[in-house]
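Data first, discussion second: the structure below is written as structure tokens.
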Amino acid sequence: MLKTYILKKLLLLIPLLLGITFITFALIKALPGDPVTSLAGERANPETIERIRRQIGTDKNFISQFAGYVSLIAKGDLGRSYYTQRPVAQDIAEKFPNTLKLAIVAMLIAAPAGIVFGIISAAGSGRENFLGNFPSFVSIGGISIPVFWLGLILMYIFSFYLKWLPPSGTGDFRFLILPAVTLSLPAGASIARILKTAMLEISGQPFIKTARAKGLKENVIWFRHVLKNAMIPLVTIIGLDFGSYLNGAVLTETIFGWDGIGRFTMEGIIKRDYPVVMGCLLTGTTAFILINMFVDLLYRYIDPRVKYE
Amino acid sequence: MGSKTAIASLILITLASVFAPLLTDYDPIRIDLDSIKEPPSFSHPFGTDNKGRDILSRILYGGRLSIGIAVTAGVISLCLGLTVGLIAGYFGGKIDMALMMLVDLILSFPSLLLAIGISIVFPPGIFTVVIAITAVGWASFARLIRGNVLSLRECAYIDSARALGCSDARIIIKHIIPNCMPLSFIVLGLKLGGYLLTESALSFLGLGAQPPMPTWGSMISLNRIYILSAPWMVIFAGLAIFTTAVCFNMLGDALKDKWEVRIEK
């Protein structure tokens, strides 16, 4: 039952990815601007432009370009960068693990912190005291802070002033701490906000009143009844955030010079390096879909009432 | 309590930006080589930058662009999203399917990368930023408003309006749009903080308003290399973004809470 469900989902992945490839491809081609002019320089003669155009294949019509790209992907190839001539798949294979590492560490910080703050602010809501206001203020602050600025301030404090951590670059765990903390703050805050809303909604339901009426202790009610029922929105938001991290954290990676997918994609977009943009977006979307499939499967373990068709 | 403070601060920040020339004597653009990188003092409360310009004055003038862009993009997104959401939700069928496919497509892309992609199509500047934010932003308005219209469409008073012979246009304008307003303003309130952050992120990446015009994001971007010798050049512009975004988000939360209370009544 579960196996056929997973198999069916994985098979559905193929048309889905084909659709995404087509749309991304069409969008990129629809953008004005020609990669050839930026490749050849402004004063290139028409023959050079024609030669480059033939070389990278933009002289053919849209359908045959798309067909060419799909047959390339089918062979596990993502083409070569227009600029460096390096295979895009190889570049992504080098950079994706960095993005993944950053995403995992950031989520390991964001999820527990967000859950704790969410619970505290749900339990303390309605109270006009420090306990009631502080957690909601922290979570509003978390979604309002410009990440690039937070990154710079953390870099200033921990790298330049205290000299504890390296300011930027890609490397061992010490390089990972500052970007991960920077990235985790907005996600942690949004986890806290979603969890708070979900828990407050559940705490107003009749079965909680029953639990209170039969004399259960408050912390049993909050942890065993309310939190457990708020797990589905919680897992969903964690999955979505984690999935979006895998598309690369453009700003965080830019500030800390972290060699990940986000910066690579952005540079590709700005230079109109189409194979790079396509490859990155495809990798990111595939990862995003897989993560959300996994979240779908988790629902069953969280809530046995969930049925897969 | 908190929401009133937020609204008051928001009004204060906006007024301070609009009336910037009355509040400061310093020119935000003119270079003054006699006062380069001065730390905060009485004459320059937030210090000066590497070209001797008063940071406070640049923040006040920068607010015009930063807040102006966020609000403009928000209002245009709202109008576009409202139109699309109304058409999709009210008429349903194939139009609905096509429009929602477009909306889902936009929402499924990483939004900052999409905004970057759109902003490189046009020459960098204020309008490009507005276009980039709007092009991504209208979709979430459209999706939420469509849902609202779907439930409104089934209400008895819409049926009775139709039975009285009201045209579709009259029903939409007189009955549906006014009932979509609470949701529209809540979403607008919740989104403005995010648009302010997107604007500053695009400016930070060099895709926004171009120097010498100050925006909060570009002030951080241009001054980040001086963070060691003159941290105030970076700190205050970021605080301006942060404070304003907090106010926008608190305003959005307050609107949301207020509206939910009204539903229960």
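The values are calculated or read from the model by the stated rules, or taken from the named source; none is laboratory data. Remember, predicted model here, so these are calculated numbers, not experimental data. Every residue, glycine among them, receives a Cβ derived from its backbone with ideal geometry; neighbour counts consider all protein chains shown. SASA here: full protein model, heavy atoms, side chains in, ligands and nucleic acids out. Shrake-Rupley method; radii C 1.70, N 1.55, O 1.52, S 1.80 Å.
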In the set B:Gly208, B:Gly238, B:Gly217, B:Gly252, the lone residue that is in contact with a Phe, Trp or Tyr (Cβ under 7 Å, 6 or more places away or on another chain), under 28 Å from B:Leu80 (Cα atoms) and open to solvent by less than 60 Å² (accessible area, probe 1.4 Å) is B:Gly217
B:Asp27 passes all but one of the listed conditions (1) in a loop (DSSP other than H, G, I, E, B); (2) surrounded by 18 or more Cβ atoms within 10 Å (Cβ to Cβ); the exception is number (2)
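Yes/no per residue for (1) modelled with pLDDT under 80; (2) in contact with a Ser or Thr (Cβ under 8 Å, 6 or more places away or on another chain); (3) part of a helix (DSSP H, G or I):
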| residue | (1), (2), (3) |
| --- | --- |
| A:Leu12 | no, no, yes |
| A:Leu18 | no, no, yes |
| A:Phe22 | no, no, yes |
| A:Gly33 | yes, no, no |
| A:Thr37 | yes, no, yes |
| A:Ile92 | no, yes, yes |
| A:Asn98 | no, yes, yes |
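Can you tell me which residue is nearest to B:Ser119 (Cα to Cα) among those in region B:187-203 that are of a type outside the set (Asp, Glu) and open to solvent by less than 10 Å² (accessible area, probe 1.4 Å)?
B:Leu202
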For region A:278-300, the count of residues that are open to solvent by 10 Å² or more (accessible area, probe 1.4 Å) and within 10 Å of chain B (Cβ to nearest Cβ) equals 4
If B:Ser35 satisfies every condition in (1) modelled with pLDDT under 80; (2) out of contact with any strand residue (DSSP E or B) (no Cβ under 7 Å at 6 or more places or on another chain) but one, which is the exception? (2)
Residues (open to solvent by 20 Å² or more (accessible area, probe 1.4 Å) and hydrophobic (A, V, I, L, M, F, W, C)) located in region B:67-77: B:Val71, B:Val75, B:Ile76
Out of (1) polar (S, T, N, Q); (2) more than 8 Å from chain A (Cβ to nearest Cβ); (3) over 16 Å from B:Leu65 (Cα atoms), what's the single condition that is false for B:Asn249? (2)
Pick from region B:204-218 the residues that are modelled with pLDDT of 85 or more and more than 10 Å from chain A (Cβ to nearest Cβ): which of them is nearest to B:Ile116 (Cα to Cα)? B:Ser218
Being out of contact with any Gly (no Cβ under 8 Å at 6 or more places or on another chain), open to solvent by 40 Å² or more (accessible area, probe 1.4 Å) and not β-branched (Val, Ile, Thr) is the filter here, so list the residues in region B:113-158 that pass it. B:Phe122, B:Pro123, B:Phe127, B:Ser151, B:Glu154, B:Cys155, B:Ala156, B:Tyr157
Note on region A:157-168: residues open to solvent by 60 Å² or more (accessible area, probe 1.4 Å) and more than 14 Å from chain B (Cβ to nearest Cβ) are A:Trp164
Spot the failing condition for B:Arg64; the list is (1) open to solvent by less than 60 Å² (accessible area, probe 1.4 Å); (2) closer than 24 Å to B:Leu197 by Cβ, and only one is missed. (1)
Got a sec? Which of A:Pro186, A:Pro206, A:Pro166 is of a type outside the set (S, T, N, Q) and in contact with a Phe, Trp or Tyr (Cβ under 7 Å, 6 or more places away or on another chain)? A:Pro166
Give me the helices (runs of 4 or more DSSP H) completely within region A:169-257, filtered to those with at least 2 residues that are in contact (Cβ under 8 Å) with a residue 60 or more places away in the chain and either away from every other protein chain (no Cβ under 14 Å) or open to solvent by less than 40 Å² (accessible area, probe 1.4 Å) (or both), ordered by residue number. A:173-203, A:231-246, A:250-255
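Quick grid of which residues meet (1) more than 14 Å from every other protein chain (Cβ to nearest Cβ); (2) free of Cβ contacts under 8 Å to residues at least 24 places away in the same chain; (3) of a type in the set (A, V, I, L, M, F, W, C):
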residue	(1), (2), (3)
B:Thr128	no, no, no
B:Leu144	yes, no, yes
B:Asn148	yes, no, no
B:Leu152	yes, no, yes
B:Asp168	yes, no, no
B:Ile176	yes, no, yes
B:Ser184	yes, no, no
B:Leu197	no, no, yes
B:Ser200	no, no, no
Within region B:99-149, work out how many residues are assigned to a loop (DSSP other than H, G, I, E, B) and over 17 Å from the mean Cα position of the chain (by Cα). 7
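I'd like to know if region B:80-93 contains one or more residues that are among the hydrophobic types (A, V, I, L, M, F, W, C) and within 18 Å of the chain's Cα centre (by Cα).
yes
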Within region A:258-274, the residues that are facing chain B (nearest Cβ under 10 Å), open to solvent by 40 Å² or more (accessible area, probe 1.4 Å) and touching a helix residue (DSSP H, G or I) at 6+ places or on another chain (Cβ under 6 Å) are A:Arg272
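Would you check which residues across region B:39-53 are in contact with a helix residue (DSSP H, G or I) (Cβ under 9 Å, 6 or more places away or on another chain) and surrounded by 13 or more Cβ atoms within 10 Å (Cβ to Cβ) and list them?
B:Pro40, B:His44, B:Pro45, B:Phe46, B:Gly47, B:Thr48, B:Asp49, B:Asn50
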Can you confirm whether A:Leu154 is under 24 Å from the mean Cα position of the chain (by Cα) and away from chain B (no Cβ under 13 Å)? no
